[in-house]
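Only one structure is covered here, and it is reproduced in the block below.
Rule-based calculations on the coordinates, nothing more; no lab input. Keep in mind it's a predicted model, so treat the numbers as computed, not measured. Glycine gets a Cβ as well: all are built from the backbone with ideal geometry, and neighbour counts include every protein chain shown.
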Amino acid sequence: MSYFVTGATGFIGRFLVSELLENRDGEIYLLCRDSSRDRLDALIKLWGGSSRLIPVSGDLRADLLGVDPEWIAQHAGSIDHFFHLAAIYDMTASEQMNEELNVGGTRSAIELAGALEAGVFHQVSSIAASGDYHGLYDETMFDEGQRLPSAYHRTKFESEKIVREECPVPWRVYRPAVVVGHSETGAMDKIDGPYYFFPLLKRMRDNLPNWLPLVGVDLGDTNVVPVDYVAKAMDHLGHLEGQDGKAFHLVNPEPQNTIEMLNSFAAAAKAPQFAVPVDRAMTSRLPTALLPRQFRPSALIGAMVRTAPAQLALGQTVGRLGIPPEVIEHVSFPTVYASKATQKALAGSGIAVPDLESYAGTLWSYWEEMLDDSIRSDKAAVAALKGKTVVITGASSGIGLVTAVQVAKAGAIPILVARGKDKLEATKALIESQGGTAFAYGCDLSDLQAIDALTQQLSADFERIDFVVNNAGRSIRRSLKLSEDRFHDFERTMQLNYFGAIRLVMGLLPTMRQNKSGHIVNISSIGVLTNPPRFSAYVASKAALDAWSNVVSSELVGDGVSFTSIHMPLVRTPMIAPTKMYDRFPTISPGQAAQKVITALVDKPHEINTLTGNLGALAHTLAPKAAFRILHLAYQVFPDSAAARGENQSAQVPTNEQAMMARVLKGVHW
């Protein structure tokens, strides 16, 4: 069996190809423009470099998709499935682009499928083909006289119509709802649907207490599905017998309330949520429900939103928050999408739409860490970082990874350092896919000789080193009683957190002195200020790094070299994952932690602390005995974990006392 796929480098296409590789046999021919060949080659490498993946040069805008006639003649009759995904899925795209890619591209695709005598042509359409149809719309429905309110809606309708009326081979149509990231990894590569509102949620989180209720309005229902569901469903449905000439709704069977959806993401972001005092249950009883549809408030508001003055006003308001005005009208759907036929076809496959609540946090985290572009419009950050080299240790995950992605978006050149070279290369590829530049250097930062070799290499490879972020670290949570025969706990933390960090800085100092410029950011810990029990090995190593930096700061200030110590609160990273109790504790996200690092790079303060950390330091200064008694209480409340005792790790649910203390002393490592 063999396949021809257009749009393989696109969002849905990448995951469909992965499904075909995993579940099917035979060659998979991937249409690709010559200018995008590097991107496809990189994807093929990520797919394991399979010899089954064969690029085919072409162009969506050309006749027969621009495929060489000799290639067509050679492969005629051998393509079993032709998956056409190449299109534009963007409400903000111009009418001309929608016409060329969605309508013209589909017409060329079916011509090629006919020339290849393909077994089945699979068209990825969209629920947008239903336009503004009011009421229940099932898989058997298509041209129901619906209004097509935008170029996107119109071209999705017309391209599906072309397949239905002109396709020379058997066909199947798939209509996905709003497609969001992968439900398990959060992976996403574009801003669409609910993602337009994420910058607003982030601003709310950063500026408002999360307990503050906000008044919202009932915006109706929407429908979102994760990309992994769409890809798995297409693979399964595409290979079922007897399904030609049918359309499939790849939607959530239960319409999702728009405000409830936003609140799911607000909860994931730890932002305030919206309360709706007047919802449709109440408004449906009002006399307006008896009016003709075009005169109801929702229709009148929609018509007003489409006017030029309203679009201009929206552009100057919500547009400044990253929400395109043309998207506002389509936040909710007047259509309810039935999918009984699709669900029946999927029965027994184990393929189903997961509840949004189960993966909203995953989508939010991926956006905040990988897709948030707000730093590009931060003039101070761009001015401070553009063109600068930033050495980041521990750059393969957590704070280091997000910091690397963010500084690259500001125009800096991150120099990625970590022990795992493969993960670093993945980070480098991600940064480059977003238009940035990065370099990767594998190094075991607990090996002093390896650090010396690294600093020599960096000094030779780069004329200047502008910033160093000492982020790599090791944390051990174990009481002294359990550490009496484990002196290596203290040696390991000091080796990486202290000796490794200062060895790296000392190795790069000659280059910084030569350029009369350099700034070092040390990721320290709130524990240095609060002295939590069971962290004697970890806190001591971070305190040593603080003390060293404070002393040498006075020696190096004349050389233009400065330091910032960030006394970081508890961050949700792989480093704290072994302590299962932390799963229920208040933490900040890697994205929030990375923002503190960006502040350190831009403003170069001597310290960055939190309110809790400052209060802890003040308590130790003004009332040390009382502070130690409180900490002893915490020592009794938070026992050693199973891992610290050398037992099998199991999930540990915090008690009420633990949860209360963790909330009061937010961010402290307990």
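Structure data summary
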item	result
Which of ILE72, ILE431, ILE520 has the fewest Cβ neighbours within 10 Å, and the rest in rising order	ILE72, ILE431, ILE520
Positive-end residue of HIS75, SER126, LEU208, charge dipole of the chain with Cβ unit charges	LEU208
Test item: Cα-centred dipole of segment 424-486, Lys/Arg +1 and Asp/Glu -1 on Cβ, debye	480 debye
Extension gain from LEU611 to SER358, taking 0.36 nm per residue of separation minus the Cα-Cα distance	87.9 nm
Equivalent ellipsoid semi-axes - Cα gyration tensor, segment 373-664, angstrom	32, 20, 20
Relative contact order of the chain, defined on C-alpha pairs under 8 angstrom at six or more residues apart (%)	9 percent
Projected label distance in nm at TRP211 and TRP548, using a 7 Å step from Cα toward the beta-carbon	4.2 nm
Fraction of beta bridges assigned by DSSP in the chain that are antiparallel (%, nearest 5)	5 percent
Calculated P(r) tail over 18 Å for segment 1-124, as whole % of Cα pairs	49 percent
Net charge of Cβ neighbours under 10 Å - reference SER264; Lys, Arg +1; Asp, Glu -1	-3
Amide H within-cut-off set for HIS519, under 5 Å, with H built and near neighbours excluded	PHE467, VAL468, SER562
Segment 64-208: Rg to Rh, with Rh as the Kirkwood radius over Cα pairs	1.06
Centroid-to-centroid separation of segment 97-129 and segment 1-77 [C-alpha atoms, Å]	15 Å
Exposure proxy order (Cβ contacts within 10 Å, fewest to most) of LEU601, LEU31, LEU615	LEU615, LEU601, LEU31
For ILE608, distant residues with modelled amide H under 5 Å away	SER565, ILE566, HIS567
Relative contact order computed over segment 373-664 (Cα-Cα under 8 Å; 6+ residues apart), in percent	17 percent
Size of charge dipole - the chain - debye, nearest 20, with Cβ of Lys, Arg +1 and Asp, Glu -1, no other charges	2620 debye
Whole-Å distance, taken between Cα centres, linking segment 467-506 and segment 350-379	33 Å
Distance (nanometres) between label positions extended 7 Å along Cα→Cβ at ALA275 and ALA380	3.5 nm
Helix-only mean residue ellipticity at 222 nm for the chain, each DSSP H run of n ≥ 4 adding -39500 (n - 2.57), per residue, nearest 500	-12500 deg cm²/dmol
Order of ASP206, ASP447 under a 10 Å beta carbon neighbour criterion, fewest first	ASP206, ASP447
Helical segments meeting 27 Å axial Cα length and Kyte-Doolittle -1.0 threshold in the chain (DSSP H)	536-556
Charge dipole (segment 373-664, unit charges on Cβ, about Cα centre) - positive-most of GLY420, ILE588, THR564	ILE588
Length released on extending from ARG663 to ASP461, taking residue separation times 0.36 nm less the Cα-Cα span	68.0 nm
Rounded to whole Hz, the Karplus (6.51, -1.76, 1.60) HN-Hα couplings of segment 132-147, x for glycine and proline	9, 4, 9, x, 7, 10, 9, 5, 7, 8, 9, 8, 10, x, 5, 6
